[in-house]
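Report on the following structure.
Bear in mind that the values in this text are calculations on the coordinates, not laboratory data. In this text, all values refer to a predicted model and were calculated from it rather than measured experimentally. Don't worry about glycine lacking a Cβ; one is built from the backbone with ideal geometry, like all the others, and counts go over all protein chains shown.
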Amino acid sequence: MEKLSLKELAVPMIKSIDSFNYLLKSHHRRVAVISYSIGKELGLENHALGELVVAASLHDIGALSVQERDMLIQEDVVNPMPHCLMGYHMLKSFSVFKDIAQIIRYHHVVYEDSLDDKEDDIPFASYIVHLADRVDVLISADEFILSQKNRIIHKIHNKVGTTFHPEVYKAFEKVSKADVFWLEINNMTMEQLFKKIDFPVNFDLTIDNILEFARAISRIIDFRSRFTAMHSYTVGHLASLLGSYFDYPKEDCAKLMVAGYLHDIGKIGIDPGLMEKNGPLTEEEFNLMKLHPYYTGQILRELSASDWFKNIVLWAERHHEKVDGHGYPYALEAKELDTGVKILAYADIITALMENRPYREGMPIDEAFEIIDEKLSKSLSIEMFDVIKAHKDEINDVFLESQAHSFEEYNLAKEA
């Protein structure tokens with residue numbers, strides 16, 4: 001299989017974060033720019049610098065609600081550990097991101113508290129992200145940034161040795177003297193920042209670690225609501241199972257599982273309140289919800305350059321298309337929808353009907369299949385659903401197993 005760099009694996013996660021919550025939209029980019037300058041001044045070697053930038057770009061990934069995220073842009077954060085631990089648990093299972101997850105776990109570390117902590121192995125990069133994060137929070141959008149730099153430096157200086165690591169502050173003090181440091185906070189793009197770092201191409205992709213990677217991404221959206229906490233995991237496992245009924249080889253069934261994990265990542269750009277609404281969506285709300293497969297395609301676009309991921313991205317962004325051209329967002333017709341898209345769509349529909357929603361209990365499989373048979377199968381493939389129906393009991397078993405596993409995983413992350 002192919003090799004991918006840390007950059008190529010991180011970009012979909014970073015894009016998914018940047019598409020949500022306008023208050024924090026540029027916060028991750030800005031913290032990454034600040035962290036890079038400090039890390040470069042500290043002489044971090046290239047791999048460590050790359051991990052620092054990725055961790056800074058994802059540091060608030062564990063803040064699952066708008067309220068949590070908005071709280072984090074206050075100058076003094078009260079009880080930041082829940083979102084730090086959630087971010088850590090979301091990423092740690094993907095081995096490539098193990099060290100990045102550890103940085104995120106401690107990115108609100110208070111320096112003087114860490115001196116008494118003999119048990120935790122706190123990465124030095126966490127101290128950098130913490131200071132960079134607080135610098136950005138102190139920047140006001142209502143005032144020209146160069147007019148603020150002395151005030152911000154002074155505020156950070158007052159907390160050196162207590163809140164902030166002295167060595168990190170020393171590097172910050174040096175780089176912050178130049179106006180360009182402050183100008184780049186507002187103007188450097190993630191693409192420009194990534195060009196400054198020579199990300200090593202040293203990750204040999206295997207099906208197992210691709211599945212780990214896709215699952216880590218899926219948690220970004222699934223864990224935002226208890227009603228979606230099991231969704232992508234279940235869709236992935238059902239899609240893989242359905243693929244076997246249509247003689248897909250083992251590797252293609254794995255691709256269907258990856259597509260299931262990734263298919264709803266575009267919902268990161270949708271107000272989570274819509275997923276928690278206790279009742280049917282209005283027309284306007286439904287139109288907003290219809291944006292999510294388009295966002296999914298945009299987030300995953302870089303991955304489609306890889307031959308292995310190409311079909312996965314197509315299946316994920318087209319999972320709401322219909323053979324009659326009345327699907328969304330592209331209004332594609334039958335000739336543009338392959339069997340993989342239809343398999344993923346069926347896995348999504350089955351899961352959605354059988355899961356609990358704020359306004360209804362999940363349906364038993366007999367009721368769900370009856371609805372699909374009578375109202376939905378003609379929009380995909382009646383013949384395919386005839387095959388699927390013949391395996392109803394096995395599908396039900398996999399649904400229940402997937403729900404139980406992902407619910408346990410969600411609860412462990414929330415309780416940590």
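Seen from Arg360, the other residues with C-beta closer than 14 Å to its C-beta sum to a net charge of -2, counting Lys and Arg as +1 and Asp and Glu as -1.
Sorted by packing (mean other beta-carbon atoms within 10 Å per residue), highest first, where do 40-53, 289-302, 140-153 land?
Working: 40-53: 18.5, 289-302: 20.1, 140-153: 12.5.
Going from most to least packed, we get 289-302, 40-53, 140-153.
Stretching the chain fully between Ala331 and Phe144 yields a gain of 62.8 nm (0.36 nm per residue, less the alpha carbon separation). Put the Cα centre of the range 230-289 next to the Cα centre of the range 141-174 and the gap is 44 Å. Loop-located GluC sites (Glu not before Pro) in the range 335-415 (DSSP state not H, G, I, E or B) with no more than 16 neighbouring Cβ atoms inside 10 Å: Glu361. Hydrophobic long helices, here whole DSSP H runs in the chain with Kyte-Doolittle means of at least -1.0 and Cα atoms spread over 20 Å or more along the helix axis, are found at 27-41, 124-138, 207-222, 231-245, 339-354, 392-415.
Sorted largest first, the principal axis extents computed over the alpha-carbon atoms of the range 197-249 equal 41, 34, 12 Å.
Give me D for the range 235-359 in µm² s⁻¹, whole number, from Stokes-Einstein with Rh from the Kirkwood sum over alpha-carbon pairs, 10 °C and 1.306 mPa s. Let's see the in-between values first.
Values: Rh = 14.9 Å.
After rounding, the answer is 107 µm²/s.
Please give the FRET efficiency for Glu167 paired with Trp308, using the beta carbon to beta carbon distance and R0 = 30 Å, rounded to the nearest 0.05. Can you show the working numbers first?
Working: r = 42 Å, r/R0 = 1.40.
Plugging the Cβ-Cβ distance into 1/(1 + (r/R0)^6) gives 0.10.
Over all other residues within a Cβ to Cβ distance under 15 Å of Tyr245, the charged ones net out to -3, with Lys and Arg as +1 and Asp and Glu as -1. Qualifying chymotrypsin sites (Phe, Trp or Tyr not before Pro) in the range 336-381, where qualification requires a DSSP coil assignment and no more than 13 other C-beta atoms within 10 Å, comprise Tyr359.
For the chain, the spherically averaged projection of the C-alpha convex hull amounts to 20.6 nm².
Out of the range 366-395, which trypsin sites (Lys or Arg not before Pro) are coil in DSSP terms and have no more than 13 other C-beta atoms within 10 Å? If you can, show how the numbers build up before the last one.
Numbers: sites: Lys375, Lys378, Lys389, Lys392; in loops: none.
Within the range 366-395, no trypsin sites (Lys or Arg not before Pro) qualify (loop, at most 13 other Cβ atoms within 10 Å).
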